[in-house]
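The values are calculated or read from the model by the stated rules, or taken from the named source; none is laboratory data. Computed from a predicted structure; not experimentally measured. Methodologically, a virtual Cβ is constructed for each residue, glycine included, from the backbone with ideal geometry; neighbour enumeration extends over all protein chains shown.
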Amino acid sequence: MMNKQSDEQPRQRYAESFRAKALTVGIDSALIDGYYDAVYRVALAAKSRWRGAMITIGIGGGQGSGKSTLSRMLAVVLGDVFELTAETLSIDDFYLTHEDRQRLAARVHPLLAVRGVPGTHDMAWLRRTISELAGGRACSVPLFSKGDDDRLAQGRLVKPTDVLILEGWCWGARPAAPEDLIEPVNELEATRDVDGAWRQYVNDALGSSDYQACFSNDLSVFLAVPDMDAIFRWRLQAEQQLAGGDRVMDAAGIRNFIMYYQRISERMLADPTGDIVIRLGVDHGMQDVTISG
């Protein structure tokens, strides 16, 4: 690993290039310095773990927290500064198809028709993909349209890489204790999951070997949002930027939608875990970076 003095040389040399690229992806110019500091520290930690074979970086954080942008800029820094190739996979692209979720809803619980919670992803496919890439083999992976709430007919090819970045809102979450599932946390659970069957199914899925194996990464990063109100604002902003589709949501739809995520999101915020925890401000800036170990 570089010492502090030698670390500063490439860091300073690349700062202006990073600023130019950050502006092209819509990062507020006032936030770029803090953003660069966080991204560079994650990239440096990844470099210190790389030993010539593929490593994985898991990035978790609430909806709209900026996981996709962080992943994109991290891949840029890994390549341009540390000469490591990087690919990104999002848990969102591994959602079950709309039809499959309808069947799951009919068989288990109506709330499972809505994408997002553990149990609505094809984690076996994602787990196989990680294994194949680690073995040096290219893979075909799905693409999901949130505007249409369904998987696209055409996926994409992912080639073997030095660093595989894996991101998702619940990435790294652990299942809750059974007693923690008893009381509803919001109106959705109180009125539409009266007997707790839906949240029990979600919790069991989260604790399954497929989810937890995928969450076992060489480096873990958590984006800690200020609160659930921030998740609403940022998720609404992300929805408004989606390409047109039959199922793009308005503000009321978003408020209802994030109730599906609330239980796990609040538990992750109450006890943030990860090798690197990045705390976000209300302005979406990266206020603090804590590295453990």
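General observations
- Taking (1) out of contact with any Lys or Arg (no Cβ under 7 Å at 6 or more places or on another chain); (2) modelled with pLDDT under 95; (3) outside any helix (DSSP H, G or I); (4) not aromatic (Phe, Trp, Tyr) in turn, residue 64 satisfies each apart from (1).
- Condition broken by residue 223, with the remaining ones in (1) closer than 19 Å to residue 66 by Cα; (2) surrounded by fewer than 20 Cβ atoms within 10 Å (Cβ to Cβ); (3) in contact with a Ser or Thr (Cβ under 7 Å, 6 or more places away or on another chain) satisfied: (2)
- Any hit, the range 129-150, residues being of a type in the set (Gly, Ala, Ser) and more than 30 Å from residue 44 (Cα to Cα): yes
- A single member of 146, 159 is of a type in the set (D, E, K, R) and within 20 Å of residue 67 (Cβ to Cβ), and it is 146.
- Looking only at the range 206-243, and only at residues there that are touching a helix residue (DSSP H, G or I) at 6+ places or on another chain (Cβ under 8 Å) and part of a strand (DSSP E or B), the one that is farthest from residue 130 (Cα to Cα): 224
- Selection from the range 246-259 of residues that are out of contact with any Asp or Glu (no Cβ under 9 Å at 6 or more places or on another chain) and buried (at least 17 other Cβ atoms within 10 Å of the Cβ): 258
- Yes/no for residue 209 being within 20 Å of residue 95 (Cα to Cα) and loosely packed, with under 14 Cβ neighbours inside 10 Å: yes
- Residue 133 meets the conditions (1) in contact (Cβ under 8 Å) with a residue 60 or more places away in the chain; (2) touching a helix residue (DSSP H, G or I) at 6+ places or on another chain (Cβ under 6 Å); (3) of a type in the set (A, V, I, L, M) in every case but one. The failed one is (2).
- Matching residues, the range 260-279, being among the acidic types (Asp, Glu), surrounded by fewer than 17 Cβ atoms within 10 Å (Cβ to Cβ) and touching a residue at least 60 places away in the same chain (Cβ under 8 Å): 266
- Verdict on residue 70 being on the phi < 0 side of the Ramachandran plot, at pLDDT 95 or above, in a strand (DSSP E or B) and in contact with a strand residue (DSSP E or B) (Cβ under 7 Å, 6 or more places away or on another chain): no
- In the condition set (1) touching a helix residue (DSSP H, G or I) at 6+ places or on another chain (Cβ under 7 Å); (2) closer than 26 Å to residue 258 by Cβ, residue 100 is compliant with all but (1).
- Within the range 42-49, not a single residue is modelled with pLDDT of 95 or more and under 13 Å from the mean Cα position of the chain (by Cα).
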